[in-house]
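So the structure is just underneath, and the comments pick up after that.
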Amino acid sequence: MIFDPIYIVAVLLPTLAITGWAAWRVKSTYGKWSKVDSGMNVDAFDFARRLLDRQGLQHVKIEPTPGKLTDHYDPRGKVLRVSTQVADASALSTTGVVTNSPRLSVAAAAVIAHEVGHALQDHAGEPAMKLRQAIVPAAQFGSGIAPWLIIAGVFLTIPGLAIVGLIGFGAAVLFTFATLPVEIGASGKALAFVNGLGMVGEKQTGAREVLKAAAWTYVAGALTALLTFLYYAWLIFGRRD
Ligand SMILES: [Zn+2]
């Protein structure tokens, strides 16, 4: 499959281009706005706490988590995890501004506000989020074992096995698309939060750019999954050789 020229031209090259572009955009946008002070005199954890409390989410805990862009909200544990990169106040040191007061960059504020958006979606029991959570087990099966069932089914000419694999992979594709309204919804809430806290003008534009760039990575993921699904379907049903 990896050496199939159809796979390389129709799936591998376009998805590498899409995901590469999206990753580059996140990196450059985040890099740019992580050097700009949000003007809010709080650190990342205080900012998260303040936003959560304002939304009536006092029960949501905040924890640090290692890594870059690993910030997330965990709906099972009701925990908002802030990456060390976002939490690190020294992210602003590149501007040369030395200060004793805690600093929160525009990028960090946008990321945290987005995760608070997820906490709010969870609390409100939003259907898009519920649907996404419901597909998780099938999607895990689909992205893990399903491709192997498809390949085995095709090469050993056991159509039933390949079709079971294709259905499983379909669940993984569905998950990537169910993710889109959840992510875009959380970013919409995030923008309203940061505006409400006085991040306006250029900083508001910056927060929007960071959130938009992050959304494109999810679009890239969904397109990659869909193209791969179409290729598998063609392997099973369309191939005449
Ligand atoms: Zn998100």
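Assorted remarks:
- With respect to the conditions (1) touching a Leu at 6+ places or on another chain (Cβ under 7 Å); (2) within 15 Å of the ligand (Cβ to nearest atom); (3) modelled with pLDDT under 90, Ala113 lacks only one, and its number is (3).
- Test: residue in segment 217-224 that is within 16 Å of the chain's Cα centre (by Cα), among the polar types (S, T, N, Q) and farther than 30 Å from Val60 by Cβ: yes
- Filter pass, Pro159 being in contact (Cβ under 8 Å) with a residue 12 or more places away in the chain, more than 15 Å from the ligand (Cβ to nearest atom) and surrounded by fewer than 16 Cβ atoms within 10 Å (Cβ to Cβ): yes
- Lone unmet requirement of (1) part of a helix (DSSP H, G or I); (2) in contact with a strand residue (DSSP E or B) (Cβ under 7 Å, 6 or more places away or on another chain); (3) not acidic (Asp, Glu) for Ala17: (2)
- Filter pass, Pro102 being within 13 Å of the ligand (Cβ to nearest atom), in contact with a helix residue (DSSP H, G or I) (Cβ under 6 Å, 6 or more places away or on another chain) and modelled with pLDDT under 95: no
- One residue stands out in segment 183-197 among those that are surrounded by fewer than 21 Cβ atoms within 10 Å (Cβ to Cβ) and among the aliphatic types (A, V, I, L, M): the one that is farthest from Pro147 (Cα to Cα), namely Leu197.
- Only one entry in Glu183, Glu209, Glu202 is touching a Ser or Thr at 6+ places or on another chain (Cβ under 8 Å) and of a type in the set (D, E, K, R), namely Glu209.
- Qualifying position, being modelled with pLDDT of 95 or more, under 30 Å from Gly153 (Cβ atoms) and within 16 Å of the ligand (Cβ to nearest atom), among Ala186, Ala222: Ala222
- Only one of the listed residues (Ile150, Ile112, Ile167) is in contact with a Phe, Trp or Tyr (Cβ under 9 Å, 6 or more places away or on another chain), more than 21 Å from Thr70 (Cα to Cα) and either β-branched (Val, Ile, Thr) or assigned to a helix (DSSP H, G or I) (or both). That residue is Ile150.
- Evaluation of Gly168 against (1) more than 15 Å from the chain's Cα centre (by Cα); (2) within 13 Å of the ligand (Cβ to nearest atom) (one fails), failing number: (2)
A quick yes/no check of all residues on (1) farther than 24 Å from Ile236 by Cβ; (2) without any contact (Cβ under 8 Å) to a residue 24 or more places away in the chain:
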site: Leu12; (1), (2): no, yes
site: Ala17; (1), (2): yes, yes
site: Ala23; (1), (2): yes, no
site: Ser34; (1), (2): yes, no
site: Asp37; (1), (2): yes, no
site: Asn41; (1), (2): yes, no
site: Arg49; (1), (2): yes, yes
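- Identity of the residue in segment 116-132, part of a helix (DSSP H, G or I) and surrounded by fewer than 14 Cβ atoms within 10 Å (Cβ to Cβ), that ends up modelled with the lowest pLDDT: Pro127
- Qualifying residue in segment 135-152 (condition: touching a residue at least 60 places away in the same chain (Cβ under 8 Å), more than 14 Å from Leu235 (Cα to Cα) and under 16 Å from the mean Cα position of the chain (by Cα)): no
- Subset of segment 198-216 that is within 16 Å of the ligand (Cβ to nearest atom) and surrounded by 20 or more Cβ atoms within 10 Å (Cβ to Cβ) - its residue that is farthest from Thr228 (Cα to Cα): Ala207
The values are calculated or read from the model by the stated rules, or taken from the named source; none is laboratory data. Remember, predicted model here, so these are calculated numbers, not experimental data. Neighbour counts run over all protein chains shown; Cβ positions are idealised from the backbone, glycine included.
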